[in-house]
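What follows is calculated from the coordinates using simple rules that are stated; it is not laboratory data. Quantities reported herein were computed from a predicted structural model and do not represent experimental measurements. Cβ placement follows ideal geometry from the backbone for every residue including glycine, while neighbour counts extend to all protein chains displayed.
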Amino acid sequence: MYELRVQIEAVPTVEGDILSAWFTLPIDEELFSERLGVDAESNDYRITEKELPFAEEVDEDTTVDRLNDFYYTYESLPADLKEDYGELMCHFTSLEELHQHRHDIIHYSWCKNMADVAKHLLDNDPAFAEIDERLVRYFNFEAYGQYLDDNGKFIETEHGIYELP
């Protein structure tokens, strides 16, 4: 993971100079005021650059409080969801929505394809466990994996497969 940071510029210029500074999230409001000469509660600043996984959620007029809220929301995500944040966000409309569903997302980190997911699900199904081992070897895990994929929401990443709500 990389450092989450933003560059913020004070809007009122000081003797013609533009004050700007990089801040690592979460932003300390005292340090912010000290470095830019404006209060974090004011509207006298704008965000000019972002190094954030959730950069699409941040506009130039996003407040420091809102930035910190985004940071804490992102940091409260499980590590695997943060690792695959970009791929997951293709299926969610916002960081907040992903955060709301974080406990509903199942990560099959050891699965490389849908046949692996099918095997895992059936291995944990008591009804399937009762089937004689001689018959299990004839089961078409690829077809069942395709059925799961067609009738569910799954995304494959380099870190495994996620089942989405």
Can you name the condition, by its number, that GLU3 falls short on among (1) more than 22 Å from the chain's Cα centre (by Cα); (2) within 25 Å of ASP80 (Cβ to Cβ)?
(1)
Quick one: would you say PRO12 is free of Cβ contacts under 8 Å to residues at least 60 places away in the same chain, surrounded by fewer than 18 Cβ atoms within 10 Å (Cβ to Cβ), under 23 Å from LYS82 (Cα atoms) and not β-branched (Val, Ile, Thr)?
no
Here is a check on your reading of the model: is LEU88 farther than 29 Å from ILE161 by Cα, in contact (Cβ under 8 Å) with a residue 24 or more places away in the chain and aliphatic (A, V, I, L, M)?
no
Which of (1) charged (D, E, K, R); (2) in contact with a Lys or Arg (Cβ under 9 Å, 6 or more places away or on another chain); (3) in a helix (DSSP H, G or I) is the odd one out, the single condition ASP69 does not satisfy?
(2)
From the list LEU31, LEU25, exactly one residue is crowded, with 18+ Cβ neighbours inside 10 Å and under 29 Å from the mean Cα position of the chain (by Cα). Which is it?
LEU25
Inspect all residues belonging to segment 64-79 and state whether any of them is touching a helix residue (DSSP H, G or I) at 6+ places or on another chain (Cβ under 7 Å), touching a residue at least 60 places away in the same chain (Cβ under 8 Å) and within 19 Å of HIS159 (Cβ to Cβ).
yes
Selection from segment 94-120 of residues that are buried (at least 17 other Cβ atoms within 10 Å of the Cβ), hydrophobic (A, V, I, L, M, F, W, C) and free of Cβ contacts under 8 Å to residues at least 60 places away in the same chain
LEU95, LEU98, CYS111, MET114, ALA115, VAL117, ALA118
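Being of a type in the set (Lys, Arg) and over 30 Å from ALA55 (Cα atoms) is the requirement here; does LYS119 meet it? Break it down stepwise before answering.
On the way: of a type in the set (Lys, Arg): yes; over 30 Å from ALA55 (Cα atoms): yes.
Criteria met by LYS119.
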For segment 81-93, check the following and say yes or no: at least one residue is exposed (fewer than 12 other Cβ atoms within 10 Å of the Cβ) and either more than 22 Å from the chain's Cα centre (by Cα) or in a loop (DSSP other than H, G, I, E, B) (or both).
yes
Given (1) in contact with a strand residue (DSSP E or B) (Cβ under 7 Å, 6 or more places away or on another chain); (2) in a helix (DSSP H, G or I); (3) exposed (fewer than 13 other Cβ atoms within 10 Å of the Cβ); (4) not polar (S, T, N, Q), ASP61 misses just (2)
Taking first residues from segment 37-59 that are within 26 Å of LYS82 (Cα to Cα) and second residues anywhere that are among the charged types (D, E, K, R), the pairs with Cβ under 6 Å that are 6 or more apart or on different chains are ILE47/GLU60; THR48/GLU9; GLU51/ARG5; VAL58/LYS50
